[in-house]
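Participant: Pasting in a structure now, in structure tokens, and then I'll have a few things to ask.
The values are calculated or read from the model by the stated rules, or taken from the named source; none is laboratory data. This one's a predicted model, so the numbers in the text were calculated from it and none came from an experiment. Virtual Cβ from ideal backbone geometry, glycine too; neighbours counted across all protein chains shown.
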Amino acid sequence: MNRVVITGLGVVSSVGQSTKDYWDALIAGRTGFAPATLGTAAQATSKLVGEVKNFDPAAHFESSQLLLLDRVSQFAVVAARQAVAQSGLELHDELAERTAAIVGTGSGGHTTVDEGFHRLYAEGAARLHPLTIPKAMISAAAGQVSLYCGTKGPAFAVSSACASATHAIGLAFHMVRSGSVTCAVSGGTEASITFGGMKGWEAMRIMSSDTCRPFSKDRKGMVIAEGAAMVVLESLEHARARGADILAEIVGFGMSADAKDLTSPDPNGMARAITATLNDAGLAGEQIDYVNAHGTGTVANDTAETAALHKSFGAHARQLAVSSTKSVVGHALGAAGALEFVATVMAIRDGVVPPTMNYLGADADCDLDYVPNEARRMPVRTALSNSFAFGGLNAVLAARAFAG
Amino acid sequence: MADAADDIIKMITSRKNYNGGTLQPSDPLDKLGLDSMEVVSLTFDIEEKFNIELPFNANLDIKSKTVADLIATVNQLVAARTKSA
């Protein structure tokens, strides 16, 4: 089995459109929440969202290319290009064929669907744009990443709502580890802040009216966001042979299903995914320093996730630094797991744990160390990134400092 | 004007998971046997029936509000709508 390392990161987020800007905002705790301004969503809701502000498609693509790219694919390709550029990989013919592109998304080309159906149903249009289907399909972003980065190996989309990106990166990791591919470009993307999307979220009545305060008393729910993050994974052997700068090592991936309830999370299911990850990595719980939590800011998630951490780590749960970067960047749904895995890798690299912002004080059911309101400098040798989705679909990644 | 209480009580007690017995107006919404998404579905049914918009956040209100609070809010919103119409 190959050891697998991370050699590139790319980010398009509500608080920065590069890994550096994103990471700086997380560490400084600079949230970017505001009422929606773009497209149909601006009329739909007064709720706060984490929009990718000042994203200029024309700075990244020709107008002829944009005809084929929903916003969700634009984000994915921009983040993937950043990750590949940082890795220094040159995807020539033979290596291209041994490189995968695996992209998670919860809802695919939501803008294309929303605008197209609005034309049909509301405006009585007689026809849709001929590229509606290839822009809207859930696998479009995976196809576009392979096309723009020139990967010619396995390419497909992974969809598991808010765990999509974590499932995608986990599968990519296992494929590189097993030797079925040498490299992978993988991550997640989401752009579903539309009229239809926001009305759907509003109807669930779990969106916050002020801000996102994971694990805090008086938390009011989640803040929907959009964006993308991508990583380049490759076998250690390949990275060494080409003298690549190794950012961290990815060492574990675990999954589980609650098989219990479509929307209410189950601590047992979450804990099984965490334990599966530790087992996959051959790690003891005591070796984990930091957990980047799913931490949505809803009452249900944060209580269940805290219980799951107690269950999986026992007494060591109280030694963990646990934080939710959704408090700064919002919940980017199918992209969230990738944004958070990037934050986990950066925490390992820089020896800084990003804070859980907007924290007002302890909640009776959330009794761990959530790194409230201020980043913490500490050695992060090994860390987990949790994602728990509707449907009871759970996925967790483990990464550690690369030590040769 | 008709009071919304009877309708709302019927909407609660006819739910599959309602824990049975006589509904008390002082019952908290999280003690009815309904899970959180059922309470959210109930608010949707009430909005559709009375043509109102309930300001309801599942993170806060399921624990803190009672059946009586819900009925009072619906009555106020229906009255406000009738007046403005």
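Participant: Which condition does A:Tyr22 not pass, out of (1) part of a loop (DSSP other than H, G, I, E, B); (2) buried (at least 18 other Cβ atoms within 10 Å of the Cβ); (3) of a type outside the set (Gly, Ala, Ser), if it passes all the others?
Facilitator: Here A:Tyr22 clears every test but (1).
Participant: Mind counting the residues in segment B:12-44 that are crowded, with 18+ Cβ neighbours inside 10 Å and away from chain A (no Cβ under 14 Å)?
Facilitator: Total meeting the criteria: 2.
Participant: Of all residues in segment A:235-268, which are buried (at least 22 other Cβ atoms within 10 Å of the Cβ) and over 19 Å from the mean Cα position of the chain (by Cα)?
Facilitator: A:Ala239, A:Asp258
Participant: Which residues, taken from segment A:284-334, are assigned to a loop (DSSP other than H, G, I, E, B) and not β-branched (Val, Ile, Thr)? Can you show your working first?
Facilitator: Initially, segment A:284-334 is screened for residues assigned to a loop (DSSP other than H, G, I, E, B), giving A:284, A:288-289, A:293-298, A:320, A:324-325, A:330, A:332.
A:Ala284, A:Asp289, A:Ala293, A:His294, A:Gly295, A:Gly297, A:Leu320, A:Ser324, A:Gly330, A:Ala332 - these are the residues of segment A:284-334 that are assigned to a loop (DSSP other than H, G, I, E, B) and not β-branched (Val, Ile, Thr).
Participant: Filter segment B:54-79 for residues that are touching a helix residue (DSSP H, G or I) at 6+ places or on another chain (Cβ under 6 Å) and of a type in the set (D, E, K, R); which is farthest from B:Thr22 (Cα to Cα)?
Facilitator: That would be B:Lys63.
Participant: Exactly one condition in (1) more than 14 Å from chain B (Cβ to nearest Cβ); (2) under 20 Å from the mean Cα position of the chain (by Cα) is false for A:Gly295; which is it?
Facilitator: The number of the failed condition is (1).
Participant: Of everything in segment A:214-234, what is surrounded by 22 or more Cβ atoms within 10 Å (Cβ to Cβ) and at positive phi? Give them in sequence order. Spell out how you get there, then give the answer.
Facilitator: Here is the first cut: in segment A:214-234, the residues surrounded by 22 or more Cβ atoms within 10 Å (Cβ to Cβ) are A:214-216, A:219, A:221-234.
Matches in segment A:214-234: A:Phe215, A:Gly221, A:Gly227.
Matching residues to (1) in contact with a strand residue (DSSP E or B) (Cβ under 9 Å, 6 or more places away or on another chain); (2) of a type in the set (Gly, Ala, Ser):
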| site | (1), (2) |
| --- | --- |
| A:Tyr22 | yes, no |
| A:Ala28 | no, yes |
| A:Gly32 | yes, yes |
| A:Leu38 | no, no |
| A:Thr45 | yes, no |
| A:Leu48 | yes, no |
| A:Glu51 | yes, no |
| A:Leu66 | no, no |
| A:Val72 | yes, no |
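Participant: Can you pull out every residue in segment B:45-72 that is within 10 Å of chain A (Cβ to nearest Cβ), farther than 17 Å from A:Thr303 by Cα and among the small types (Gly, Ala, Ser)?
Facilitator: Listed by number, the list is empty, since nothing qualifies.
Participant: Please go through segment A:49-85 and pick out each residue that is over 30 Å from A:Ile206 (Cα atoms), in a loop (DSSP other than H, G, I, E, B) and in contact with a Phe, Trp or Tyr (Cβ under 8 Å, 6 or more places away or on another chain).
Facilitator: Going residue by residue through segment A:49-85, those that are over 30 Å from A:Ile206 (Cα atoms) are A:56-69, A:77-78, A:80-85.
Subsequent filtering for residues that are in a loop (DSSP other than H, G, I, E, B) retains A:56, A:60-62, A:67-69.
The one that is over 30 Å from A:Ile206 (Cα atoms), in a loop (DSSP other than H, G, I, E, B) and in contact with a Phe, Trp or Tyr (Cβ under 8 Å, 6 or more places away or on another chain): A:Leu69.
Participant: Here's another thing I want to ask about it. Picking from A:Ala122, A:Ala76, A:Ala85, A:Ala96, which residue would you name as being surrounded by 24 or more Cβ atoms within 10 Å (Cβ to Cβ), in the same structural domain as A:Trp201 (by TED's automatic domain parsing) and not basic (Lys, Arg)?
Facilitator: On the way: A:Ala122 fails: surrounded by 24 or more Cβ atoms within 10 Å (Cβ to Cβ); A:Ala85 fails: surrounded by 24 or more Cβ atoms within 10 Å (Cβ to Cβ); A:Ala96 fails: surrounded by 24 or more Cβ atoms within 10 Å (Cβ to Cβ).
Going through A:Ala122, A:Ala76, A:Ala85, A:Ala96 in turn, just one is surrounded by 24 or more Cβ atoms within 10 Å (Cβ to Cβ), in the same structural domain as A:Trp201 (by TED's automatic domain parsing) and not basic (Lys, Arg): A:Ala76.
Participant: If I ask for residues that are surrounded by 15 or more Cβ atoms within 10 Å (Cβ to Cβ) and either in the same structural domain as A:Ala336 (by TED's automatic domain parsing) or not basic (Lys, Arg) (or both), which ones from segment A:43-56 would you list?
Facilitator: Step one: filter segment A:43-56 for residues surrounded by 15 or more Cβ atoms within 10 Å (Cβ to Cβ), giving A:44-45, A:47-52, A:55.
A:Ala44, A:Thr45, A:Leu48, A:Val49, A:Gly50, A:Glu51, A:Val52, A:Phe55 - these are the residues of segment A:43-56 that are surrounded by 15 or more Cβ atoms within 10 Å (Cβ to Cβ) and either in the same structural domain as A:Ala336 (by TED's automatic domain parsing) or not basic (Lys, Arg) (or both).
Participant: Taking A:Ile274 as the residue in question, decide whether it is in contact (Cβ under 8 Å) with a residue 12 or more places away in the chain, of a type in the set (Val, Ile, Thr), in contact with a Phe, Trp or Tyr (Cβ under 9 Å, 6 or more places away or on another chain) and assigned to a strand (DSSP E or B).
Facilitator: no
Participant: Could you check how many residues of segment A:201-260 are touching a residue at least 60 places away in the same chain (Cβ under 8 Å), farther than 22 Å from A:His174 by Cβ, more than 14 Å from every other protein chain (Cβ to nearest Cβ) and not in a strand (DSSP E or B)?
Facilitator: Count: 4.
Participant: Restricting to segment A:232-286, and then to whatever is of a type in the set (S, T, N, Q) and in the same structural domain as A:Val299 (by TED's automatic domain parsing), can you tell me which residue is nearest to A:Ile6 (Cα to Cα)? Please lay out each step first, then the result.
Facilitator: Applying the first criterion (of a type in the set (S, T, N, Q)) to segment A:232-286 yields A:235, A:256, A:263-264, A:268, A:275, A:277, A:279.
Within this subset, residues satisfying the condition of being in the same structural domain as A:Val299 (by TED's automatic domain parsing) are A:256, A:263-264, A:268, A:275, A:277, A:279.
Numbers: A:Ser256: 24, A:Thr263: 33, A:Ser264: 33, A:Asn268: 30, A:Thr275: 23, A:Thr277: 18, A:Asn279: 20 Å.
Here the answer is A:Thr277.
Participant: Same structure again: Of all residues in segment A:164-193, which are under 14 Å from A:Gly106 (Cα atoms) and in contact with an Asp or Glu (Cβ under 6 Å, 6 or more places away or on another chain)? First the steps, then the outcome.
Facilitator: Going through segment A:164-193, the residues under 14 Å from A:Gly106 (Cα atoms) turn out to be A:164-168, A:187-193.
Those that are under 14 Å from A:Gly106 (Cα atoms) and in contact with an Asp or Glu (Cβ under 6 Å, 6 or more places away or on another chain): A:Glu190, A:Ala191, A:Ile193.
Participant: Moving on to the next point. Which of the helices (runs of 4 or more DSSP H) found entirely inside segment A:92-172 contain at least 3 residues meeting this: out of contact with any helix residue (DSSP H, G or I) (no Cβ under 9 Å at 6 or more places or on another chain)? Walk me through it before giving the result.
Facilitator: Numbers: elements: A:93-97, A:110-117, A:132-136, A:140-149.
Fully inside segment A:92-172 and qualifying: A:93-97.
Participant: Kindly provide the set of residues from segment A:175-200 that are of a type in the set (Gly, Ala, Ser) and either in a loop (DSSP other than H, G, I, E, B) or more than 22 Å from A:Phe341 (Cβ to Cβ) (or both), ordered by number.
Facilitator: Of the residues in segment A:175-200, the ones of a type in the set (Gly, Ala, Ser) are A:178-180, A:184, A:186-188, A:191-192, A:196-197, A:200.
A:Gly179, A:Ser180, A:Ala191, A:Ser192, A:Gly196, A:Gly197, A:Gly200, listed by residue number.
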